[in-house]
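Worksheet for the structure shown next.
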Amino acid sequence: MSESRSLRTVVLVPIKQFSIAKSRLRDVLGDDDVEVLARQLAERVLRATRPLRTLVVCDDDEVAAFAAERDVDVVRTNEPTLNGAVTEAYRQLVDVDQVIVVHADLKRPHGLGAFRPGPGVTVVTDHHRTGTNVLALPARVDFHFAYGEGSAHRHRVEAERLGLECTVVTDSPWGYDVDEPSDLETTPDGI
């Protein structure tokens, strides 16, 4: 068995409160439709991460219940930002060798459960090649998460700071997420 296949891997899926998620889509779709979409995308991501151990990162009772209904454990955090929440959850992990952070709004999450990144850090960019949709890294390193505009570059620089090998993947189906109205139409398979 290869080293990467024997690693104890955990997937972290941060999920924002559904009632405030996807603010840039609310004018186009309306609040109710955006909440339905956010739930559908998150559910597909959670299904796609199986059989890997997956934890939802959240600060909301409704999201925690959503995860529990899908037999997914939850890491509660009090951090209001994505970077803070992922950092807090990442630092709580014990008996884990590798962590994969996956956004809950991927349009085509199929195959996440079979993802076995190599050593070091793997950055799967968004289709613009600037954001980070999937991030794999070793556990228990002092990694500074830097989500937001230009995060793919910042995560690569962070890997270099730590002396970790970094692989950047720019042509993955996981590169399509839903943030802007145009994202509803940018992938050949639709939502």
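One line per residue, one yes/no per condition, for (1) out of contact with any His (no Cβ under 7 Å at 6 or more places or on another chain); (2) loosely packed, with under 14 Cβ neighbours inside 10 Å; (3) of a type in the set (F, W, Y):
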| residue | (1), (2), (3) |
| --- | --- |
| D71 | yes, yes, no |
| Y90 | yes, no, yes |
| V96 | yes, no, no |
| L112 | yes, no, no |
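Remark: pairs (first residue in segment 146-158, in contact (Cβ under 8 Å) with a residue 40 or more places away in the chain and within 17 Å of G175 (Cα to Cα); second residue part of a helix (DSSP H, G or I) and β-branched (V, I, T); Cβ separation under 9 Å; 6+ apart in sequence or on different chains) = Y147/V86. Screening segment 41-59 for residues that are assigned to a loop (DSSP other than H, G, I, E, B) and within 25 Å of P80 (Cβ to Cβ) and picking the one that is modelled with the lowest pLDDT gives D59. Where strands (runs of 3 or more DSSP E) fall entirely within segment 60-169, those with at least 2 residues that are β-branched (V, I, T) and within 19 Å of I15 (Cα to Cα) are at 73-76, 98-102, 121-125, 132-138. Just so you know, in segment 1-40 the residues that are of a type in the set (A, V, I, L, M, F, W, C), over 16 Å from E62 (Cα atoms) and part of a helix (DSSP H, G or I) include one that is modelled with the lowest pLDDT, and it is L25.
The values are calculated or read from the model by the stated rules, or taken from the named source; none is laboratory data. Being a predicted model, the structure only gives us computed values, none of them experimental. Virtual Cβ from ideal backbone geometry, glycine too; neighbours counted across all protein chains shown.
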